[in-house]
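Following: one structure in C-alpha cells, then a few remarks.
The values are calculated or read from the model by the stated rules, or taken from the named source; none is laboratory data. Given the structure is predicted, the values throughout are model-derived calculations rather than measurements. Quick reminder, even Gly has a Cβ in these numbers, built from the backbone with ideal geometry, and neighbours come from all protein chains shown.
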Amino acid sequence: MRVLQTLALPLGHGTQLPLQICITSDAIGHDPCYLSKTVTVRCTFEGDVSRLRGWVAAWQALAERALEPNPFFEPWFLLPALRHLPELASDAGCGLLFIEEEGGALIGVVPLQLEPLRALAGRVRLPLMRARVLTHKYSFCHTPLVDRAAGARALAALLDWCRARRAPVLELEDTYADGPVHELLLEEARRLGSATFVRGAHERAVFLPRADASAYLAAAMSPKRRRDLERRERQLRAAGQLETPELGPGPGPDAELVPFVDGFLALEAAGWKGAAGTAFASTAADRGFFVEAVRAGHAEGRVWFQTVVLDGATIASLLSFVAGASAYSWKICYDERVAKYSPGVYVEVLNLRRLHARPQIAWMDSGARPDHPMVNRLWPDRKRIETRWFATGGVLPATFVRALPLALRLKTRLTSLRRRPAPRPTTAKPPPDEDNPP
C-alpha cells in the first residue's frame, strides 16, 4: 500500500490530514474491499472536548459495528472522563483521532495522548513525538474502535498519521493479545516490514461459560470451597430478608437508575476506599465522572447493576458494562460490617449464575489485577493482556523499536548499579611491631 500525504504537518488540534491511499494487490488481508481501490481517508485530531459533540452520533454508531467492542472508548464513558478527570482535562496533548473514508463514513476512533519525546531522564527534548493510546485510572481496556468492514484501512491510516506527526512509535497498553484489532495491527506491521516490541504482558481472569452455572462452579472451586460458600449463603439468608435486585443491561429512564447509583456511592464511601480517599464520592471530579458516565451508559443500554440487599440495606453492589457479546466487570463494593457473610463473594457468584442465564453474553472480563485472590479463585479462565509498541513505518522507527529491548536492559542495569550500596570501609590494621605484635 502506498500513502500520499497531501497536507503539510505538524497539525494543530482540529486540523485535518487527507491521506490518499492507493491499494495494491499485495495488501491481501481480512477485508476484501481493501484491494485494488483508491480510497481517500481523512484523519482529524480533535483535542477540544467542547467540539466533540458533533462526532457523538457517528462515534456511537461506529461502536455498534466495531470489529472489537470497547465500552471504555465509547462516547458515553470517554467524554465524562475527558471532562471531569484532572489528569485528562489538563493534558494539552490529549485528544481523539477520527478516521473517515471518502463520503464521510467514520471507520475509526482512537483516543491518543501526544507529547514530545524526551531522552536522558527527560532532560533532553527530541524532535519527535510520543503517541500513546489514551489510558486513565478507570479504564482497563484500550483497544481502538474500528469498523469491522474497514479495520485494516483504519489502522493503516492510524500508523500513517502517527508517522506523519513524527511519532516513531505507537504505544498500545492493555489490549487483548488474541483480539482482532491487535492481530490486524501486527499484520500491518508485517506488511510494512516494521517492528513491534512487547513492553509488558500478564494474564487476567475472564469468564467463559460452561454447560451451566453448577458445572462452572464445580470446575472453578474445590468441594470444600463450595460447601463453605453454601454455608455462608445460608447464614446470610438467616440474618434477615435477602433480596438480589438488578438493573439492566438495557436502556431505561434515569429514575430507575438513581437508587442503584446512590446506593453504590454510599456503600463504597463507607468502606476502606472511603477511608483511603479513593472512593468515587471522595472528590467532586470522580463523583461527577461516575454519575455522568453511568447515567449516559444506562441510556445506551450498557450498564448492568447487580446488588445484594439485606433488610432493605444494600450490602453488596457490582457494576458491569455490556457491549455486544462482551461484558466487563468494572466496580464492586460491599458492606464491611457484614464481612463474615462474604457479601462480595456472594454477588460475584450471583453474577456467574446470571451470566449462564444470558447466552447472548459470550464472555466477561474481570478487570482484576493478575494476583487478585478472590477473583482468581472464582474465574478459572485467563486471557493474555499485552502492552505492545508498534513502529509506525520506515527505517528509523523500526530501528528505534528494535533497539528498545537492549536500551531497557541497559537502563535497568545502570539503575541497579546506582542503587547498589557502597562497600563498607574496612579498618586498617597497624603493621606488626614489637609494641603491637600480630
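Here are some notes:
- Exactly one residue out of VAL146, VAL169, VAL198, VAL206 is β-branched (Val, Ile, Thr) and in contact with a Gly (Cβ under 9 Å, 6 or more places away or on another chain), and it is VAL146.
- Single residue of LEU170, LEU155, LEU145 found to be in contact (Cβ under 8 Å) with a residue 12 or more places away in the chain, touching an Asp or Glu at 6+ places or on another chain (Cβ under 9 Å), of a type in the set (A, V, I, L, M) and closer than 26 Å to GLU87 by Cα: LEU145
The rows are residues; the columns are (1) at pLDDT 95 or above; (2) within 13 Å of VAL110 (Cα to Cα); (3) β-branched (Val, Ile, Thr).
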| residue | (1), (2), (3) |
| --- | --- |
| CYS33 | no, no, no |
| THR40 | no, no, yes |
| ASP48 | no, no, no |
| ALA57 | yes, no, no |
| ASN70 | yes, yes, no |
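- Check on VAL258, farther than 23 Å from SER139 by Cβ and out of contact with any Leu (no Cβ under 9 Å at 6 or more places or on another chain): yes
- Count of residues meeting criterion [in a strand (DSSP E or B) and modelled with pLDDT under 95] in segment 350-387: 0
- The one condition in (1) in contact with a helix residue (DSSP H, G or I) (Cβ under 8 Å, 6 or more places away or on another chain); (2) in contact (Cβ under 8 Å) with a residue 40 or more places away in the chain; (3) of a type in the set (A, V, I, L, M) that ALA219 fails to fulfil: (1)
- The number of residues in segment 388-403 being surrounded by fewer than 17 Cβ atoms within 10 Å (Cβ to Cβ) and not in a helix (DSSP H, G or I) comes to 1.
Let's see how each residue does on (1) crowded, with 17+ Cβ neighbours inside 10 Å; (2) modelled with pLDDT of 50 or more; (3) farther than 24 Å from LEU134 by Cβ; (4) charged (D, E, K, R):
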| position | (1), (2), (3), (4) |
| --- | --- |
| SER36 | no, no, yes, no |
| ARG53 | no, yes, no, yes |
| LEU82 | yes, yes, no, no |
| GLY103 | no, yes, yes, no |
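- In segment 310-343, the residues that are over 23 Å from the mean Cα position of the chain (by Cα), buried (at least 21 other Cβ atoms within 10 Å of the Cβ) and under 17 Å from ALA269 (Cβ atoms): THR314, ILE315, ALA316, TYR334, PRO343
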